[in-house]
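Taken together, the values in this text are just the output of simple stated rules run on the coordinates, not laboratory data. Keep in mind it's a predicted model, so treat the numbers as computed, not measured. Don't worry about glycine lacking a Cβ; one is built from the backbone with ideal geometry, like all the others, and counts go over all protein chains shown.
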Amino acid sequence: MSATYDVQTYLLDRANIHDTVFKLMQSFDEVDTPKLVNAVYAPKVHLDYTAIMGGEPQHLESEVWAKSLEPIHSAYEATQHVVQDLLIELPQPTGKSKPRPNSCTAICVGDAKFYRRNGDGLPCVMERRTGGRYDLELVRVPELEEKGENPWRISKQTVKLSVMDLGAAPEAK
């Protein structure tokens with residue numbers, strides 16, 4: 001990869017960071033622990049889900065965190081995690097000799113819906129919905145880049161809750 005921080009490198013970094021954040025949500029829906037560990041999170045991650053789960057922020061191995069999510073997501077027949085309004089904070093390339101960043105921040109709006117099946121077997125009874133802002137810090141892992149892989153991984157994730165609906169809405173009669 002380019003030693004200087006040029007426009008092409010900037011655009012590639014933005015695309016890779018975008019993909020990492022979208023893989024986060026996709027992995028939640030697929031209950032894909034290996035993808036969370038190998039393609040989304042840094043080996044150690046600082047997590048602050050206190051707005052949803054209570055407790056205190058944690059520093060965990062990514063595998064421990066990813067495995068702890070399995071019973072939460074697999075308790076439902078379907079989940080739908082959506083990310084939008086992704087803003088990636090990377091310095092602009094100036095044309096001058098500028099080093100490539102090894103970390104960055106990003107914010108986005110995240111929305112999660114959790115479904116059970118109805119009488120017809122369709123996953124359309126919403127049991128729970130949460131939504132809010134994700135504050136993310138990402139790091140570039142040079143070893144992954146050397147192998148030709150997306151090098152950007154989430155090292156810190158803070159959830160700021162905006163909405164939480166528990167239970168399905170009563171059916172209209």
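A few points about this structure:
- Theoretical gain in end-to-end length, Glu145 to Leu161 [0.36 nm per residue, Cα-Cα removed]: 2.4 nm
- Put in order of Cβ neighbour count within 10 Å, fewest first, the listed residues His46, His81 become His46, His81.
- Net charge in the neighbourhood of Arg128 (other residues with Cβ under 9 Å of its Cβ; Lys, Arg +1, Asp, Glu -1) is 0.
- Cα long-axis angle, helix 62-74 against the chain (0 to 90 degrees, to the nearest 10): 30
- Computed from Cα positions, the angle between helix 7-30 and the longest principal axis of the chain comes to roughly 20 degrees.
- Among the trypsin sites (Lys or Arg not before Pro) in the stretch 54-132, those placed in a DSSP loop whose Cβ has at most 11 other Cβ atoms within 10 Å are Lys96.
- Fewest-first sequence of Met25, Met164, Met126 by Cβ atoms within 10 Å of each Cβ: Met164, Met126, Met25
- Among (i) 1.06; (ii) 0.95; (iii) 1.04, the entry that matches Rg/Rh (Cα atoms, Kirkwood Rh) as calculated here: (iii)
- Extending 7 Å from the Cα toward the beta-carbon at both Ser97 and His46 defines two label points whose distance is 3.3 nm.
- Violating pairs (Cα-Cα greater than 25 angstrom) within the set Lys44/Lys160; Lys113/Lys147; Lys44/Lys147; Lys23/Lys98; Lys44/Lys98: Lys113/Lys147; Lys23/Lys98; Lys44/Lys98
- A Cβ-based charge dipole, computed about the Cα centre of the stretch 7-164 with Lys and Arg at +1 and Asp and Glu at -1, lands at about 360 debye.
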